[in-house]
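Undergrad: Dropping a structure here in structure tokens format, bear with me for questions.
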Amino acid sequence: MPFTAVIGDIHGCIRTLDRLINRIEARYSDVNYISLGDIVDRGFHSLEVTELFMEMKKQGRFRMLLGNHEDMMLDYTGLSAIYAPNAWFGTGGKLTVSSFSRKELDNKLTLGTVTNWDFKPYLEPYQEFFDSAEMYFGYDYPRNKYMFSHAGLGPSNGKVGRVTEYSRRKDYLYIWTRDTEQSQKKHFGYTMVHGHTPVKKVDPQHNPRSPFVNRNKAGELVSVNLDTGCVYGYALSAMVIDDAGDFEFVSERCMD
């Protein structure tokens with residue numbers, strides 16, 4: 001069985017992603033990949049990251065989870081109006097529009113006249129890829145059980161951050177929860193593997209370039225946070241899991 005490399009929030013940092021994958025491929029053989037979402041926004045190369053993962057998916061070795069940034073992007077182009085007007089642009093969406101349009105919409109972005117109809121044709125070739133992203137899924141290994149989602153699932157059931165604001169839509173917890181690291185018990189026996197909240201915000205004393213491992217008082221592995229803040233200048237991290245369920249981390253300092 002191949003190794004599985006679970007990668008945290010990328011946010012368009014293609015150079016760092018390339019270096020991380022090269023390190024993983026040099027160290028392990030036969031690797032499949034899972035993205036925990038938030039591959040777009042904030043960074044400059046959302047298109048390149050998307051195209052790389054689409055190619056991996058065609059090869060049958062990639063699985064995509066939906067992040068809140070992808071959800072805001074799809075809401076913007078789909079006219080769903082779940083989020084407030086311009087919510088996506090306020091969280092890095094303008095850089096994604098610039099990337100996917102190959103800067104052709106930059107003038108309209110500068111003037112503030114760009115619309116969802118302007119952007120929609122540029123996203124169309126990638127629409128199916130993003131639409132197929134999953135909210136969460138679990139996998140049972142001999143020595144551990146993991147549940148993968150963008151934000152995990154914290155003990156407040158969405159009563160922190162912005163989750164309750166969007167609670168009318170099913171499964172929002174998995175892309176917006178902000179307190180997963182506070183969990184003291186596994187999720188129905190599963191260890192939550194997630195990103196979404198940079199570890200620097202979880203614990204300022206923690207090394208921001210290292211994933212955050214949450215164990216309860218009994219020593220059980222409750223959750224793992226892989227968002228090591230690459231787009232903020234820290235690192236991009238992966239959790240590489242073997243066929244028994246044991247794992248180790250591989251991190252690459254930000255190069256973008």
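The values are calculated or read from the model by the stated rules, or taken from the named source; none is laboratory data. It should be emphasised that the depicted structure is a prediction, and the values quoted were computed from it without experimental measurement. Here the Cβ positions follow ideal geometry from the backbone for every residue, glycine too, while neighbour counts run over all protein chains shown. The protein model used for the area step is the full one, side chains on, heavy atoms only, and it has no ligands, DNA or RNA in it. Shrake-Rupley method; radii C 1.70, N 1.55, O 1.52, S 1.80 Å.
Undergrad: Taking segment 201-256 as the search range and keeping residues that are acidic (D, E) and without any contact (Cβ under 8 Å) to a residue 60 or more places away in the chain, which one is farthest from D18 (Cα to Cα)?
TA: Among residues in segment 201-256 that are acidic (D, E) and without any contact (Cβ under 8 Å) to a residue 60 or more places away in the chain, the one farthest from D18 (Cα to Cα) is E220.
Undergrad: Follow-up question, since we're still on this one. Among (1) in contact (Cβ under 8 Å) with a residue 60 or more places away in the chain; (2) part of a loop (DSSP other than H, G, I, E, B); (3) surrounded by 21 or more Cβ atoms within 10 Å (Cβ to Cβ), there is one condition T50 misses while meeting the rest; what is its number?
TA: Of everything listed in (1) in contact (Cβ under 8 Å) with a residue 60 or more places away in the chain; (2) part of a loop (DSSP other than H, G, I, E, B); (3) surrounded by 21 or more Cβ atoms within 10 Å (Cβ to Cβ), T50 misses just condition (2).
Undergrad: Now, a different point. Mind checking which pairs have a first residue in segment 187-200 that is within 14 Å of A238 (Cα to Cα) and a second that is β-branched (V, I, T) and part of a helix (DSSP H, G or I), Cβ under 7 Å, 6 or more apart or different chains?
TA: H194/T180
Undergrad: Exactly one condition in (1) in a helix (DSSP H, G or I); (2) surrounded by fewer than 22 Cβ atoms within 10 Å (Cβ to Cβ) is false for V231; which is it?
TA: Failed condition: (2).
Undergrad: Which numbered condition trips up V114, out of (1) without any contact (Cβ under 8 Å) to a residue 24 or more places away in the chain; (2) assigned to a helix (DSSP H, G or I)?
TA: The single condition V114 does not satisfy is (2).
Undergrad: Quick one: how many residues across segment 125-158 are touching a Ser or Thr at 6+ places or on another chain (Cβ under 9 Å), not hydroxyl-bearing (S, T, Y) and not in a loop (DSSP other than H, G, I, E, B)?
TA: 7
Undergrad: For segment 72-109, how many residues meet the condition of being at pLDDT 95 or above, among the acidic types (D, E) and part of a helix (DSSP H, G or I)?
TA: Qualifying residue count, segment 72-109: 1.
Undergrad: Out of everything in segment 192-212 that is open to solvent by less than 60 Å² (accessible area, probe 1.4 Å) and over 17 Å from the mean Cα position of the chain (by Cα), what residue ends up being modelled with the highest pLDDT?
TA: Among residues in segment 192-212 that are open to solvent by less than 60 Å² (accessible area, probe 1.4 Å) and over 17 Å from the mean Cα position of the chain (by Cα), the one modelled with the highest pLDDT is H206.
Undergrad: I've got another one for you. Report yes if H196 is in contact with an Asp or Glu (Cβ under 8 Å, 6 or more places away or on another chain) and part of a loop (DSSP other than H, G, I, E, B), otherwise no.
TA: So H196 passes the test.
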